[in-house]
Every structure is written in C-alpha cells, then in structure tokens.
Amino acid sequence: MERRTFIKTLAAGAAVAAARGALGAPGAALAQEAQYPDLVAVRGTGITAMFDRALEALGGLGRYVKSGQTIVVKPNMGWAVGPEAAANTSPELVAHIVKNALNLGASKVIVFDNTCDNWAAAYRDSGLEAAAKGAGATVAPAHEAGYFQEVQLPGGQYLPSTALHEAYLEADAVINVPVLKHHGGARMTAAMKNLMGAIWARGPLHRAGIDESLPDLLLYKKPVLNVVEAARVMLSGGPRGRGDSRYLSGQLLVASEDAVAADSACAAVLASAGLPVPTYMKLAEERGIGKADLSSLNIQRLNA
Amino acid sequence: MASRKAPDLPGRAGADGARACRAIARAGPERRTVTLPMKDTKASRPRNVRRALAVAALAFFVLAFAFPERLGAPLSFAAKLQFGQATAALVSAGALYAVALFAAYAALTAVFGRFFCAFLCPLGAALDLAGALRMKARPRNYAYKPFRAWRIAAPALALALFWLGASLPFGTLEPYSVLASVSCLWEGPSLVLMAVLASGYFYGRGFCNSACPTGFLLSLFARIPGRRLAFTEKCLSCGRCGKACPASCCDPGKRAIDRARCVLCLECLAACPNGSLRYVPKEAAPEAGPVRRSFLRKAALGVLAGAAFATPEGARGRALPDPEPPPLLPPGALSLARLGAHCTHCHTCVRVCPNHAIAPMTEGGPGLWGKPAIDPYRGFCQYDCVECARACPAAALTDLDVVVKHHLRLGEVRLNRLECIVVKNGTSCGACAELCPTGAVDMGPGPSGRDEPLLEPRLCIGCGACQYACPVRPQSPIWVIGLKYQDSLGSTPPVSHAEDETLAEEFPF
C-alpha cells in the first residue's frame, strides 16, 4: 500500500515536473515528505526484519540512496569486544544495510569508525569489518590523522572547525547506524554521539563539554538517516562494557532522519530503566539543529 | 666484463680451473697482475646460495620491522630462532623451547661449524653487505690474523654479566638486538647498529669474532671437531682464500682454517681458482693442538674474571637503580629487577605493540637504558592484547594468557580532581571512564555537582587508558604510576550473571 502510494506520488511528481519544468519538482517532493513519519520505532526480534519494517514506513531506503552515489554507513565499531557485549552495532544489521544500498545502485558503500580501542582489534573483534566486507562495502581505516580533513562547521559554537574523515566528506549520503548504550562520560550514546567516530580529534569536545559541543557535529553534513539499534541495551559500564554490565532487552529499532529526535526516543528508553539522560538533545533543539520534543513529532510505532 | 688489473680481488678469481691455473702458473703466486675473467663458476655456487639465504633473512627482518602489523607473528617466531635470543631465553626463564633450541644449535655447530653466523644471522648479512660496499668503493684484501685472546674478552664478559643479571653489555652486542633495537635518541636505527655496520665496512666479519657474544658461544662449540673447510694437495699457495676471508681466519701460509673463527661464509671456496678447498668430514681434520688447549684455558679464565668482576650483588646493585615512581612496564615484565636483568633491549615489543604504547627508556641509569616502558601519553595497554609478552624473544616478558593479563596489575591510577576539567571548567567530559576497561574509573555525581571521575583503585590494572584519553595536556590530571612488582589484582572484577531487564511499556515514548 505504502509503496504503491509512493510510486504514484513519484509518477505524479514526474508528470508535474514535466509540465511545469524543473521548478515544479520541489513542490511535489514536499507534498510527499508529509506522508512519512518523523520517527519510526519498531519492536521485535530479528534486527534485519525490524530494519525492513522501519524503512518501509519511511518510504524505502531508495529515498536516501540513489543510483551511482557514494554512501557512508557509519556504525559504532569503536570497541575490541565481540557482538555479545552489545558495545558495537550488530554486524548483521550493518551488512544488511550495505547490501540494500548496493542493490539500489550505490556505486560504493564505505564503512569506517575512528575507534577508541586499538583500531585493528576493534575492526576485527566487533565482527564488523568481516561482515561489511562480506556484504560488498569498502572498510576504510580511520586510525591516523592523515585520513581526516579539517572543515569549518558553519555556526559551530564550541567547535568552529573539526577534522572529518575523507569518506564522510566524499559521501553523497551518510547513514548513521549506532547502537544505544549507557555512556560513562556522556550518559548515553546513540545517534549524535556516534558522529564522534567520524572526526579525528575528540579532545576539543571533551574540553568544551560533551553536551554543549555535540550538536556542532550536525552542522556540516547531517546523516540522511539514523538507524539506532536497541536490540540489547547496555545499561551500565558503558560505552565499553564490563563483566558486571547490566543489560536491557530492548528489542527495539529507532529510525529517523533527525539524529536529535532519534536520540530523544533513545533517552526515553534509558529513562524508563531509571538512568539519567543527557542534555545534548535539548541543547541541539534550542539551536534549531533538530527536534527533541517527542510530543511534537509524528511517530509511527510498529511491531515486526 | 672487462678484466681488471691489481689488486687481486677475492671472490672474482672465477674461471674454470684449468684456465685459472695456467694464468697463475704464468704469473706466479705472489704477482698481483693476474687477470682473470670475472665470472661465477661452480666453485662460487655454495657461496652464492649462502649469501642469498643470509640476505633473505636480513630482508625478512627489515620488512617485519617496517610492517609489524602484518608480520608481527612471523617476526616474533623468527626472533626466537635467533641463537643469541634463545640463549637469553634459556638464561632468563629456562624456557623449554630455548633449551631445545640451544642444544640443537650447539650440536649442529659441533657437527657442521658456525653455519648460523653466515646463513641465518641477519646482522651477519648486513656486515657482508657493508663489506661488499667497501669492495665496490675501495677494493682491498682481507688478511689472515692469528687468534688473540683479547678478542674474546668483550663477548665473554658480556655473556658472563648477562648470566649474572646485568644485561646491558649483552643486549648491546647480541646481533639480533643490534639489528632490531631502535635508538633511544630517535626512532630509527640505533647508534650501535651504525657503529657495527661501520666495522663491517672496514673489517668485514671482524665483529663476529671480537665482539659478538653469540659468535663467541658458537666458536666454543665449533672447537669440537666436525665437518670443516680444509686445503687439499691441489693447493697452489696462491693466497686468494686468505685475501677473500672476511673473518680473517683462513691462513694460506699454513694451509689451515681456524674452525672456531670460521663463520662458513664460503668466500674462500669461491675465491680458490682450482677447487683445492673442500668441506671435508671430521676424519680429515688435524688433531687438537696446543693452541686449542691454551685457548680453552684463556676462555675459562676470561669468564672467571668476568664473574669475579661482576658478582651478582655487584652487577645488580650497580645496574639497577630505584626510580620513584617506577616506570610503567609492559605486561609480563613482572618486576623492574627482572626486566633489568633479562631484557636484551631488542625492542621487538616496541615494534609489535599495536597501540604504539611502548618506548625505550632513556632514564633510570645503565640498568634500564633502552628497556621498554609504556608511555600512556603515546598509547595505552589494550585490555585483551598480549602481543608484546608473546613476542619477547628473550623471555624477559613472560608469555601471558589473556585471562591472566586481565588480573595483572601494571600500575595504579592517580587523580588530581581539582585539575579535572569537569571540576575546573564545569563541563561534562568522562573520556577517562569511557576507556577504562575494568571500572576502576567511573563517572558519578561528585562534590562538584556534576558527573566526575570516581576511582575504584582495587579494580585498576594500570593500563593507562584513562591517562591516554584525558584531553588535558601536557600534564593529565589522571595518570598511572608503575609498580616495582607487577602483581595480581586483589579482587576479581565483578561479573554479572543477571538476566536482561525488560522494557516496562512497549514504547516508552
């Protein structure tokens, strides 16, 4: 049903565009945007099925990935621990997104992370390097300053400039695929915090204050889509996870074009488990970088 | 190639036997105007094979030093095969593999001669290359030198001191360490390596018989009669073998090759114009003469003198200072004294550390110069990594199981909370807690009203991740001090077996 409507809208848009010239297209696109929810939350088991369900609601991955584009899929693979620790994004989910993007005609899909643990160990132990390569992605190293280029962040209040990974700069679209976790420093890590793995020097953010400076990372090139995996949520000992870490069986996947909105939903999950939540979403909303107030959003809640 | 007039170059005599003999007969043995075609013959083939093997060994090590990420495992394996390192591992830990390797090298050397020096030693190959460079630049001949006892003084003393627990001389002269160690002054080839290569340029394999403790040890085994290079009746006394011998152990006058000093480089075979040198079985060897007996007496005296000079207490007491706080040692070092006594400062650990956290020490006195220490400002000791301990060819770092390492304390965390930016600037951070693998550093509400680092020292293994992650430089307000003795965590890090919690409502938003 959704897909049919989408195709019809596209056809109508194309007809209008043909009739009115190129200027007609944005109008059609706007009309079509309104039909999609701001945020989709899917509960269930089987992370790939949950992803498919969420993207169906958002109008398909084809809205974000176009033929011939270079796509960056940015997981959290910062830690040299296995998938069972839920400290990194699930390899299954990342491989699934990579495959789908390539099937949609993406010319190249690049996966990378500026890791916290030793990069080779983290790429290997997380299982993400093998999974992403197996799915056809290019797994790029990100352990040396040479892979990053300094860019100005327009309107950056705490971070006037930062060094972004060259793949991030080169990409036509970035798909942000974090995992939801407790975080000892930032209280929570999900969509916004995951972008700290796309830059080189994290020191300036720590010096300026994580909550205050994190919104600045959304100023240069926002991810077109944020898919937060919350299948199993680390509730303590994050972000690395320890022997005594507590977990929540979240069985949840949150997808949104707005990283701030996605993080706000994630914060509600942690809050329901009695954890304190960070303030960086609120600070981002105050600066007009995203929406943190969930009551103002069109949220679609699904089961898969 | 054009023929060349004087001087008479070793290794280039070549030519098929008959032609060469005619030329020599015409010219006379002492004349240096003999011209011969410079072409390889059957006689130089063993030498060429030997050179190829040695250069391959050298090339492998140089490659492995350059790409330790890819070649770390073969590097540590090959380093452990080095005779000097096996000897060190035998002395340090009595490692079973080292005992077996040592016995095998000793037996093979007794039977075949010092094959290790010319075929397997990468530094020997580097010396050959330095000698060859000299031959290209300013051709000259080597000459036989009679054995002199003073030449074994340095290597014998180095060995004796190592046995007694002072490792600096042995580590400075052991060939793998010479080749592998990075300079303390900058991260490149060490000054010692450059000095040794210079000696190769001027004196060929002189190093192998007057400085190298490995060569000295092998020379002792080579004194047991076995297969050897020897002259046959065909010898014309042309003297080319002696001029070609970079170890200066081939005496054409007496038609004798000193088996103890011969590194089996086979240059003499290649230089001999009529194949009168042969690698013959033991029976053809002359009986042990007075020279050997007197040598053995001198060698024994030398070792005894070394032992007297450096009594265990004396050597250790002089060599091991007591820096406070102690440096942060790599996992498996176990104690400052043990590392000081057994480390040959080959820096294999420095090379294989994936986090580049280990660097040679420049302070702490002669007992610790060049020994490895973790510098958390460069990198931290990765929780699940035991690469350095696994790689150490001298067993100065004990090979650790990952689980054992999780409970091994390398150091202790210290915090100056007033300098922490959470307290000082009133902003959120938590970089230290983020990287802490054990929960020794955790963020929690502190007196400042914000989440600030809280220490649980009984969980700290001293990996240095907190100090590395802290954004404050040059002096991090959270840091790790080393321990004199790496010991076990007092308590086992807590493990939770709790079931995963479930969401209270289907969608909490």
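The values are calculated or read from the model by the stated rules, or taken from the named source; none is laboratory data. Worth saying up front: this structure is predicted, and the values here are computed from it rather than measured. Because the Cβ atoms are built from the backbone with ideal geometry, glycine has one as well, and the counts that use them run over all protein chains shown. Note: accessible area is taken over every heavy atom of the protein model, side chains too, but ligands, DNA and RNA are not part of it. Shrake-Rupley method; radii C 1.70, N 1.55, O 1.52, S 1.80 Å.
Looking only at the stretch B:431-445, which residues are open to solvent by less than 20 Å² (accessible area, probe 1.4 Å) and more than 7 Å from chain A (Cβ to nearest Cβ)? Lay out the reasoning, then the answer.
The initial filter retains those residues of the stretch B:431-445 that are open to solvent by less than 20 Å² (accessible area, probe 1.4 Å), namely B:431-441, B:444.
Selection gives B:C432, B:C436, B:A440, B:V441, B:G444.
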Taking the stretch A:214-247 and the residues there that are within 9 Å of chain B (Cβ to nearest Cβ) and not in a loop (DSSP other than H, G, I, E, B), the one that is surrounded by the most Cβ atoms within 10 Å (Cβ to Cβ) would be A:V233
In the stretch A:162-182, residues that are free of Cβ contacts under 8 Å to residues at least 60 places away in the same chain and either within 18 Å of A:E212 (Cβ to Cβ) or of a type in the set (S, T, Y) (or both) total 1
Looking across the stretch A:279-304 at residues that are acidic (D, E) and surrounded by fewer than 16 Cβ atoms within 10 Å (Cβ to Cβ), the single one that is nearest to A:R53 (Cα to Cα) is A:D293
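Criterion first (of a type in the set (S, T, N, Q) and over 37 Å from the mean Cα position of the chain (by Cα)) does B:S476 satisfy it?
On the way: of a type in the set (S, T, N, Q): yes; over 37 Å from the mean Cα position of the chain (by Cα): no.
Considered against the rule, which asks whether it is of a type in the set (S, T, N, Q) and over 37 Å from the mean Cα position of the chain (by Cα), B:S476 comes out as no.
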The residue that is nearest to B:S448 (Cα to Cα), considering only those in the stretch B:379-403 that are without any contact (Cβ under 8 Å) to a residue 60 or more places away in the chain and under 27 Å from the mean Cα position of the chain (by Cα), is B:D384
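Does the stretch A:161-181 include one or more residues that are out of contact with any strand residue (DSSP E or B) (no Cβ under 8 Å at 6 or more places or on another chain) and at pLDDT 95 or above? Steps first, answer last, please.
Within the stretch A:161-181, the subset out of contact with any strand residue (DSSP E or B) (no Cβ under 8 Å at 6 or more places or on another chain) is none.
No, the stretch A:161-181 contains no residue that is out of contact with any strand residue (DSSP E or B) (no Cβ under 8 Å at 6 or more places or on another chain) and at pLDDT 95 or above.
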Requiring at least 1 residues that are at pLDDT 90 or above, the helices (runs of 4 or more DSSP H) wholly within the stretch B:1-120 are B:45-66, B:68-81, B:83-93, B:96-112
Every listed condition ((1) more than 12 Å from chain B (Cβ to nearest Cβ); (2) more than 23 Å from A:E285 (Cβ to Cβ); (3) crowded, with 23+ Cβ neighbours inside 10 Å) holds for A:A122 save (1)
Across (1) in contact (Cβ under 8 Å) with a residue 12 or more places away in the chain; (2) of a type in the set (S, T, N, Q); (3) surrounded by fewer than 24 Cβ atoms within 10 Å (Cβ to Cβ), A:N103 clears everything bar (1)
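Could you please find all residues in the stretch B:458-507 being among the aromatic types (F, W, Y), more than 8 Å from chain A (Cβ to nearest Cβ) and not in a strand (DSSP E or B)? Before the answer, list the steps.
Kept after step one, since they are among the aromatic types (F, W, Y), are these residues of the stretch B:458-507: B:468, B:479, B:485, B:507.
With more than 8 Å from chain A (Cβ to nearest Cβ) added as a condition, the list becomes B:468, B:479, B:485.
Selection gives B:Y468 alone.
Any idea which of A:G185, A:G146, A:G136, A:G127 is closer than 22 Å to A:G62 by Cα and without any contact (Cβ under 8 Å) to a residue 60 or more places away in the chain?
Numbers: A:G185 fails: closer than 22 Å to A:G62 by Cα; A:G146 fails: closer than 22 Å to A:G62 by Cα; A:G127 fails: closer than 22 Å to A:G62 by Cα.
Matching residue, one of A:G185, A:G146, A:G136, A:G127: A:G136.
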Residues of the stretch B:408-457 being in a strand (DSSP E or B) and without any contact (Cβ under 8 Å) to a residue 24 or more places away in the chain, in sequence order, are B:D442, B:M443, B:G444, B:P445, B:L454
Of the residues in the stretch B:379-430, those that are surrounded by fewer than 20 Cβ atoms within 10 Å (Cβ to Cβ), at the interface with chain A (Cβ under 10 Å from one of its Cβ atoms) and out of contact with any helix residue (DSSP H, G or I) (no Cβ under 7 Å at 6 or more places or on another chain) come to B:H406, B:N425, B:G426
Filtering the stretch A:265-304 down to residues that are modelled with pLDDT of 95 or more, outside any helix (DSSP H, G or I) and more than 12 Å from chain B (Cβ to nearest Cβ) yields A:R287, A:G288, A:I289, A:G290, A:K291, A:N298
Of the residues in the stretch A:257-278, those that are buried (at least 18 other Cβ atoms within 10 Å of the Cβ) and polar (S, T, N, Q) come to A:S264
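Given the options A:V227, A:V254, A:V233, name the one that is under 12 Å from the mean Cα position of the chain (by Cα) and within 16 Å of A:N88 (Cβ to Cβ). First the steps, then the outcome.
Numbers: A:V254 fails: within 16 Å of A:N88 (Cβ to Cβ); A:V233 fails: under 12 Å from the mean Cα position of the chain (by Cα).
Exactly one residue qualifies, and that residue is A:V227.
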Note on the stretch A:145-180: residues open to solvent by less than 40 Å² (accessible area, probe 1.4 Å) and either assigned to a loop (DSSP other than H, G, I, E, B) or not hydrophobic (A, V, I, L, M, F, W, C) (or both) are A:L153, A:G156, A:L159, A:S161, A:T162, A:H165, A:Y168, A:A171, A:N176, A:P178
Exactly one of B:L191, B:L197 is modelled with pLDDT under 95 and over 27 Å from B:V111 (Cβ atoms), and that residue is B:L191
Only one of B:A195, B:A158, B:A154 is out of contact with any strand residue (DSSP E or B) (no Cβ under 8 Å at 6 or more places or on another chain), open to solvent by less than 20 Å² (accessible area, probe 1.4 Å), aliphatic (A, V, I, L, M) and under 30 Å from B:T362 (Cβ atoms), namely B:A158
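Matching residues to (1) within 13 Å of chain B (Cβ to nearest Cβ); (2) open to solvent by less than 10 Å² (accessible area, probe 1.4 Å):
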| site | (1), (2) |
| --- | --- |
| A:M188 | yes, yes |
| A:A191 | no, yes |
| A:L195 | no, yes |
| A:I199 | no, yes |
| A:D211 | yes, no |
From the option list A:L153, A:L159, single residue qualifying as within 14 Å of chain B (Cβ to nearest Cβ), in contact with a Ser or Thr (Cβ under 9 Å, 6 or more places away or on another chain) and over 21 Å from A:V254 (Cα atoms) is A:L159
Counted residues in the stretch B:163-182 being more than 8 Å from the chain's Cα centre (by Cα) and aromatic (F, W, Y) come to 2
Can you confirm whether the stretch B:165-180 contains a residue that is crowded, with 23+ Cβ neighbours inside 10 Å, of a type in the set (V, I, T) and without any contact (Cβ under 8 Å) to a residue 60 or more places away in the chain? yes
Output for Cβ contacts, cut-off 7 Å, separation at least six or different chains, first residue closer than 25 Å to A:G184 by Cα and in contact (Cβ under 8 Å) with a residue 24 or more places away in the chain in the stretch A:271-297, second of a type in the set (F, W, Y) and crowded, with 16+ Cβ neighbours inside 10 Å, reads A:L294/B:F509
Taking the stretch B:451-504 and the residues there that are under 30 Å from A:A271 (Cα atoms) and acidic (D, E), the one that is most open to solvent (accessible area, probe 1.4 Å) would be B:E499
Residues of the stretch A:45-85 being in a loop (DSSP other than H, G, I, E, B), open to solvent by 10 Å² or more (accessible area, probe 1.4 Å) and within 14 Å of chain B (Cβ to nearest Cβ), in sequence order, are A:T45, A:N76, A:V81, A:G82
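Looking at this structure, is B:G124 part of a helix (DSSP H, G or I), out of contact with any Ser or Thr (no Cβ under 9 Å at 6 or more places or on another chain) and not polar (S, T, N, Q)?
Values: part of a helix (DSSP H, G or I): yes; out of contact with any Ser or Thr (no Cβ under 9 Å at 6 or more places or on another chain): yes; not polar (S, T, N, Q): yes.
So B:G124 passes the test.
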